[in-house]
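Q: After the structure tokens below, expect a handful of questions from me.
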Amino acid sequence: MSPRRPVIHWMDGAVLMLVFGILYASLARYGRINCSNAPASLLRESQAISGSDALGNVFAYLLLGAAMAFARAQRRASANDDARRPHGAGRELAAAAWAIGACMLLSFSMEAAQTCLSERLSSAWDLFYNTSGAALGWFGAGALLPVWNLIEKRAFMRPQQVRLLAVVMVAALGWLIEDTAPWLPRFDATLMHANLKATWIAFATGHLNAWRLIGHGGEWLALGLALSLPRRDAWLPVVGLSVLAVLAMGWRLMLPGTMPLGPESLVTLPAALLLVLVILRANFRTRAALTIIAAIVAVSAYQLKPGSGLMMPFHWRIHFLQGNPIAGIQLAAFFGWFGMTVVAAGKVVNRRTLAWVVTAGAITALLEWCQTMIPGRTPDLSPTFMALAGAGLAAGMLSAGRAVPAQQDNAATDAPGTPRIAS
């Protein structure tokens, strides 16, 4: 008997969450509502857009376009074996046109609604960048899917290991995006020398921040242990963590600012590498549990570090991409990394994906509430929403692909050196 097909897949949920986030980000800070001049002002209220605004508009819809492509692939994979075969070019183009058109319609609807809001501007540039982002996301995901399917067929890794590795790598990419903002380096020898000097002075004078030490240590350890979950081989976590460190620190060395290298990162990296090598001797479930603990330590240090100013109440609203798109993308990338890491490790611990999605959101929400007792912090729904979005994306990626019968799955996951995760 064939398994029962789910009506709504995980990636469908991720699409709905992203649509909700775009709706909120587009309509928040609405000011006064007046639609008397709406037709005349549609797409004409602003003919200029900053680089950061363009980046935010592209990024938000890029995520939506990619999620829609993965959701379509997931529905096809769960339908039947024939659905896994490539369709004709005409059908693929029609699907792309439908998805990008839907994103364009969503963007146009938001621009139309903004003509009635005194604090928002309806711009043709917003529509252009939103549609471009959706197209990049759809076709980018479409280019990755054949590579994904090809790797799943290789003998050196089973499909469930490939999916777990993919989630871990996407999560690591999110962390790298957050750590290297604002992503605009200057290839200037004088700047690099000044940054190295500032880092050395911090070392020499002992100006190391305890919260950053804890946070960076937790991040390095969580990244390394997460890379060890697909296979027991030592080369993947060691080489992977080293590559991430070189990319992040090398990029930040070329960014203007004070101590962009972060001496706390340099101090905690060797210790994290050593701990990863020691923990590799443990079984997969122990390593997965320690991965979750390290990620919680990292996000707690990020959330609970002292601020300056007044204590603020909790706000039931989302500030993602509000005012500073770069900071919004950083926020999304960091908490998306946290949510994806918790779900990936949780899948190895006990296979209950939904429970770990809820756990990632609950932990983030609790930390946001704790910020109401820290002066200078601004607690709101944004981190919780981003953690849930990342967790939902991870759950969708882990459940993608052809269903494996229970006996076959048990035989595969009982093999030596293979984590016990469900397909």
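Q: In nm, to one decimal, how far is the VAL239 label point from the ASN350 one, both placed 7 Å along Cα→Cβ?
A: Distance between label points: 3.5 nm.
Q: Expressed in nm², what is the orientationally averaged projection area of the convex hull enclosing the Cα positions of region 189-257? Could the numbers behind the result be given before it?
A: Values: hull surface 22.1 nm².
The directionally averaged projection comes out at 5.5 nm².
Q: Apply the Karplus curve 6.51 cos²θ - 1.76 cosθ + 1.60, θ = phi - 60°, to the phi angles in region 300-306 and return the couplings in whole Hz, x for Gly and Pro.
A: 5, 5, 5, 7, 9, 5, x
Q: Using only the Cα atoms of region 91-210, build the gyration tensor, take square roots of its eigenvalues as a ≥ b ≥ c, and label the shape rounded, prolate or oblate: rounded if a/c is under 1.5, else prolate if a/b is larger than b/c, else oblate. Mind showing how you got there, number by number?
A: Numbers: a/c = 2.85, a/b = 1.25, b/c = 2.28.
It comes out oblate by the Cα gyration axes.
Q: Summarise the long-distance tail of P(r) for region 152-213 by giving the % of C-alpha pairs beyond 19 Å. Can you show the working numbers first?
A: Numbers: 1180 of 1891 pairs.
For region 152-213, the fraction of Cα-Cα distances above 19 Å is 62 percent.
Q: Taking a 1.4 Å probe, which of ILE293, ILE22 shows the most accessible area, and what order do the others take after it? Intermediate results must be reported in sequence, preceding the final value.
A: Values: ILE293 95, ILE22 15 Å².
Greatest to least solvent exposure: ILE293, ILE22.
Q: Order the following by accessible area, largest value first: PHE314, PHE20, PHE108, PHE187. Probe radius 1.4 Å; ligands, DNA and RNA are ignored.
A: On the way: PHE314 50, PHE20 105, PHE108 80, PHE187 175 Å².
I get PHE187, PHE20, PHE108, PHE314, largest accessible area first.
Q: For region 158-310, what class follows from the C-alpha gyration tensor (a ≥ b ≥ c being the square roots of its eigenvalues): rounded when a/c is under 1.5, otherwise prolate if a/b is larger than b/c, else oblate? Don't skip to the answer; put the middle values down first.
A: Details: a/c = 1.98, a/b = 1.61, b/c = 1.23.
Judged from the Cα gyration tensor, region 158-310 comes out prolate (a/c at least 1.5, a/b above b/c).
Q: Where does region 281-388 land on the Kirkwood hydrodynamic radius, alpha-carbon pairs, in angstrom?
A: Numbers: mean 1/r = 0.0692 Å⁻¹.
Result for region 281-388 stands at 14.5 Å.
Q: Give the accessible area for SER109 in Å² (nearest 10); use a 1.4 Å probe, count only protein heavy atoms, and leave out ligands, DNA and RNA.
A: For SER109, solvent-accessible area is about 50 Å².
Q: Given the protein chains as shown and a 1.4 Å probe, how many square angstrom of HIS207 are accessible, to the nearest 10?
A: Number for this one is 130 Å².
Q: I would also like to ask the following. For LYS347, LYS197, write out the residues from largest to smallest accessible area, computed with a 1.4 angstrom probe and no ligands counted. Display every interim value, and only then the final one.
A: Values: LYS347 15, LYS197 120 Å².
From most accessible down to least: LYS197, LYS347.
Q: Expressed in nm², what is the orientationally averaged projection area of the convex hull enclosing the Cα positions of region 103-148?
A: On the way: hull surface 13.8 nm².
Computed as one quarter of the Cα hull surface, the answer is 3.5 nm².
Q: Test of understanding: what is the full-extension gain from ALA38 to ALA97, defined as 0.36 nm times their sequence separation minus their Cα-Cα distance? Don't skip to the end; give the middle numbers.
A: Numbers: separation 59, 0.36 × 59 = 21.24 nm, distance 2.81 nm.
Gain on extension, ALA38 to ALA97, equals 18.4 nm.
Q: On average, how much area does the Cα convex hull of region 226-276 cover when viewed from any direction, in nm²?
A: Numbers: hull surface 14.7 nm².
Averaged projected hull area, Cα only: 3.7 nm².
The values are calculated or read from the model by the stated rules, or taken from the named source; none is laboratory data. Only a predicted model underlies this, so the values are computations on that prediction, with no experimental measurement involved. Glycine gets a Cβ as well: all are built from the backbone with ideal geometry, and neighbour counts include every protein chain shown. Calculation scope for accessible area: heavy atoms of the full protein, side chains included, ligands and nucleic acids excluded. Shrake-Rupley method; radii C 1.70, N 1.55, O 1.52, S 1.80 Å.
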